[in-house]
């Protein structure tokens, strides 16, 4: 009897020691959530892979969906057949035909026998199945650079046969590395930073600073759309939207123009930390890249971080704009981020921002502001949108829902 399945392979989890089983279970739960399953036990953990049983008509779509989940190295569309010579050959022919692109000329068979009681060795399986595939398809054998590679994994009392593989994001399963708060704009950089930290197993709670009431809602709408893209990986729990325009105006009227941007950023850090405390997050995440704009010099980053009381992660610090834009394209946020929108980044900007600020000067300028009241105003005006995330539990400190805090 043939069973259709998606085979989920991982890399980094395999390097874990005594904790490996916990990472596998977390990944299994996330895969079940991605498919909308309530019973994760349907997914079997078998010899360094996870086997997801599927119906014949749903395999291809499920493979694409599972390939978005952090922790997954690749997903294969597979058939599970008995350890019978004819069944193995027929499944291999079907797998090669299904995976062969237009113009494919060559193939290879790669058998791996982890069930040592199987009578054939791996080379013997390769030769026997390879000859059957050659006769059935007319493709030539090429063991060096084949157009199609068909794998036959002999495990326990069955054989897993697959040729089509879809690469996944790799990394670690969401929920294995705690919770962070990411400062999320509608630009190119910060969604990539959030994605990278999500790929390392962290649950992301995002905070977006809107320019309202001095801008329209376009940046907020873009961020929610970006959230829908990041949601596919199952690592985004909630996006808080903070009305920031009036606070920026207050800063611009009180402090030297060249220090405005740094004081905006310090205020954002303070608000994000307040959210992080309620969310029980352990770090902040930003999309800054060293030297990309005036606020991202070493001196200015130090001036911003001087008010932080928890770690501030910058996953993009060593990347240039082209690299970041290319990654945004791969994860699906680039098109949204490059649409015209108005956000707080362009509000009340000085003509000549400071690029090498001294912390004492920024501290002195900040003394002109009622920082605690401004943070409270920001928190009081927040609203939020929740996203589908298998391991996110909202804090109880704020109302579950209200007109002021609409939920999805």
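Read-outs: derived from the displayed coordinates by stated rules, not from any lab. Not measured: the values here are computed from a predicted model. Cβ atoms come from the backbone with ideal geometry, glycine included; neighbour counts cover every protein chain shown.
For Rg/Rh (Cα atoms, Kirkwood Rh), pick the label among (i) 0.98; (ii) 1.02; (iii) 1.09 that corresponds to the value derived from the coordinates.
Comparing each candidate, only (iii) matches the computed number.
What's the ranking of 278-284, 105-111 by average number of surrounding C-beta atoms within 10 Å, highest first? Don't jump to the answer; show the numbers that get you there.
Details: 278-284: 18.0, 105-111: 20.3.
Put in order of decreasing packing, that is 105-111, 278-284.
How many percent of DSSP beta bridges within segment 3-167 run antiparallel, rounded to 5?
Values: 29 of 38 bridges.
So the antiparallel bridges amount to about 75 percent of the total.
Could you work out [θ]222 nm for the chain from helices alone, using -39500 (n - 2.57) per DSSP H run of at least four and dividing by all its residues? Round to the nearest 500 deg cm²/dmol.
Working: 13 runs with 150 residues, N = 408.
Counting only the DSSP helices, I get -11500 deg cm²/dmol.
Counting pairs of alpha carbon atoms under 8 Å apart in space and at least six apart in sequence, what relative contact order in percent does the chain give?
Details: 832 pairs, mean separation 66.5, N = 408.
The normalised contact order for the chain reaches 16 percent.
Taking the mean number of other Cβ atoms within 10 Å as a proxy for protection, how do you rank 26-35, 384-393 from highest to lowest?
Numbers: 26-35: 21.7, 384-393: 18.6.
Put in order of decreasing packing, that is 26-35, 384-393.
Quick one: work out the % antiparallel among DSSP beta bridges in the chain, nearest 5. Working shown, then result.
Numbers: 34 of 59 bridges.
If I count the DSSP bridges inside the chain, around 60 percent turn out antiparallel.
Evaluate the relative contact order of segment 3-167 (contact order divided by residue number), counting alpha-carbon pairs under 8 angstrom at least 6 apart; express in whole percent.
Relative contact order here is 27 percent.
Nearest-5 percent of antiparallel DSSP beta bridges in segment 197-344?
Counting DSSP beta bridges with both partners in segment 197-344, the antiparallel share is about 0 percent.
Run the numbers for residue 225 and residue 37: contour at 0.36 nm per residue of separation, minus the present Cα-Cα distance, in nm. Write out the running numbers ahead of the final one.
Numbers: separation 188, 0.36 × 188 = 67.68 nm, distance 2.47 nm.
Full extension from residue 225 to residue 37 adds 65.2 nm.
For helix 260-279, report the angle its Cα long axis makes with the longest principal axis of the Cα atoms of the chain; keep it between 0 and 90° and round to the nearest 10°.
It is inclined by approximately 60 degrees.
Given that compact globular proteins tend to follow 2.2 N^0.38 Å, what is the ratio of the alpha-carbon Rg of segment 3-167 to that value?
1.04
Between residue 308 and residue 105, what is the spin-label point distance in nm, taking each point 7 Å from the Cα along the Cα→C-beta axis?
The answer from the label model is 5.4 nm.
Across 10 Å bins from the origin, how do the percents of Cα pairs in segment 179-386 run, short distances first?
For segment 179-386, the pair-distance distribution reads 9, 37, 41, 13, 1.
Going by Cα centres, segment 297-338 and segment 40-93 are how many Å apart?
So the two Cα centres are separated by 37 Å.
Using a 10 Å cut-off on Cβ atoms, rank the peptides 360-368, 230-238, 113-121, 75-83 from the highest mean neighbour count down.
230-238, 75-83, 360-368, 113-121
Using 0.36 nm per residue of separation minus the Cα-Cα distance, give me the extension gain between residue 290 and residue 84 in nm, one decimal.
Answer, rounded to one decimal: 68.3 nm.
In nm, to one decimal, how far is the residue 364 label point from the residue 3 one, both placed 7 Å along Cα→Cβ?
Going by the 7 Å Cα→Cβ label model, 7.3 nm.
In nm, to one decimal, how far is the residue 121 label point from the residue 19 one, both placed 7 Å along Cα→Cβ?
Taking the two extended label points, one gets 4.1 nm.
State the Cα centre-to-centre distance between segment 350-394 and segment 201-240 in whole Å.
The two parts, judged by their Cα centres, are 16 Å apart.
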